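Asker: This is the structure I have questions about; it appears just below.
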Amino acid sequence: MLPRTLLTVIGSNQPVADLKGAIGLSADHGCHLSVAVVGIALPPPASVYWAVPVDTWAQEREEGQKEVTAKVEAVEKALADAGVSGDVTPIFCDESQIASLVGTRARYVDLALVQATKGMELRLFDKTLEGYLFDSAKPFLALPRDGGTSLKPKRILVAWNTSKEAARAV
């Protein structure tokens, strides 16, 4: 049975073209595509001498939120141009919260997608995988960099732990 809803994550500084594989997969199979646009916020300044002034920190956080908002609009336009049903969720948080938020969002879709592209920050990729693996309890599909994606793969990898849920799933 093919999934009806897919989730993918894109960084606020990533080009929208990095969604080409996920959008194509959704269009080919008539799936609803949920896109989480993640912006990584600077942690609050915590030093004795206030090395980063609070005003500068607040201004950089505000700029980060604006980047996320602009990327959300660009992704919505790309989904509309491709004729794909979808929704876009803005996430602007500290790095430590990304895995939990992405994992929670992944609980509400049938299949999560992850693709290591040149434009994606390594720490966002790591936190996305962490969220999919440990917080979502849902399957995910790793998309190849060069495309050639299908919802009917020839080879799969099954990983599980010793829980009863995992034993039933396998």
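The values are calculated or read from the model by the stated rules, or taken from the named source; none is laboratory data. Source: prediction; values computed, not measured. Note that we place each Cβ from the backbone using ideal geometry, even for glycine, and neighbour counts take in every protein chain shown. Note: areas computed on protein heavy atoms with side chains; ligands, DNA, RNA excluded. Shrake-Rupley method; radii C 1.70, N 1.55, O 1.52, S 1.80 Å.
Asker: Would you confirm, using the coordinates I've provided, whether Ala78 is in a helix (DSSP H, G or I) and either within 27 Å of His29 (Cβ to Cβ) or open to solvent by 80 Å² or more (accessible area, probe 1.4 Å) (or both)?
Answerer: yes
Asker: In region 128-148, which residue that is within 15 Å of Ile10 (Cβ to Cβ) and part of a helix (DSSP H, G or I) is most open to solvent (accessible area, probe 1.4 Å)?
Answerer: Looking at the filtered set, the residue picked out is Leu129.
Asker: Which of (1) within 22 Å of Gly30 (Cα to Cα); (2) at pLDDT below 75 does Leu151 not meet, given it meets every other one?
Answerer: For Leu151, the failing item is (2).
Asker: Please work out which residue is farthest from Glu73 (Cα to Cα), limiting yourself to region 1-20 and to residues that are in a helix (DSSP H, G or I) and either touching a Pro at 6+ places or on another chain (Cβ under 8 Å) or open to solvent by 60 Å² or more (accessible area, probe 1.4 Å) (or both).
Answerer: Lys20
Asker: Continuing with this model, one more query. Name the pairs whose Cβ atoms lie under 7 Å apart, with the first residue in region 72-99 and under 18 Å from Tyr132 (Cα atoms), the second among the charged types (D, E, K, R) and buried (at least 18 other Cβ atoms within 10 Å of the Cβ), and 6 or more positions between them or separate chains?
Answerer: Once the first residue is under 18 Å from Tyr132 (Cα atoms) and sits in region 72-99, its partners that are among the charged types (D, E, K, R) and buried (at least 18 other Cβ atoms within 10 Å of the Cβ) give Thr89/Arg105; Glu95/Lys127; Ile98/Lys127; Ala99/Lys127.
Asker: Of the residues in region 105-127, how many are assigned to a helix (DSSP H, G or I) and more than 11 Å from the chain's Cα centre (by Cα)?
Answerer: Result for region 105-127: 2.
Asker: Can I ask one more? Tell me whether region 31-38 contains one or more residues that are within 21 Å of Ser136 (Cβ to Cβ), exposed (fewer than 15 other Cβ atoms within 10 Å of the Cβ) and in contact with a helix residue (DSSP H, G or I) (Cβ under 9 Å, 6 or more places away or on another chain).
Answerer: Looking through region 31-38, none of the residues is within 21 Å of Ser136 (Cβ to Cβ), exposed (fewer than 15 other Cβ atoms within 10 Å of the Cβ) and in contact with a helix residue (DSSP H, G or I) (Cβ under 9 Å, 6 or more places away or on another chain).
Asker: Go through region 117-133 and give me each residue that's basic (Lys, Arg) and over 18 Å from Cys93 (Cβ atoms).
Answerer: Across region 117-133, the qualifying residue is only Lys118.
Asker: May I ask you to say which residue of Arg123, Arg105 is among the basic types (Lys, Arg), under 18 Å from Ser34 (Cα atoms) and either exposed (fewer than 13 other Cβ atoms within 10 Å of the Cβ) or touching a Leu at 6+ places or on another chain (Cβ under 9 Å) (or both)?
Answerer: So the residue among Arg123, Arg105 that is among the basic types (Lys, Arg), under 18 Å from Ser34 (Cα atoms) and either exposed (fewer than 13 other Cβ atoms within 10 Å of the Cβ) or touching a Leu at 6+ places or on another chain (Cβ under 9 Å) (or both) is Arg105.
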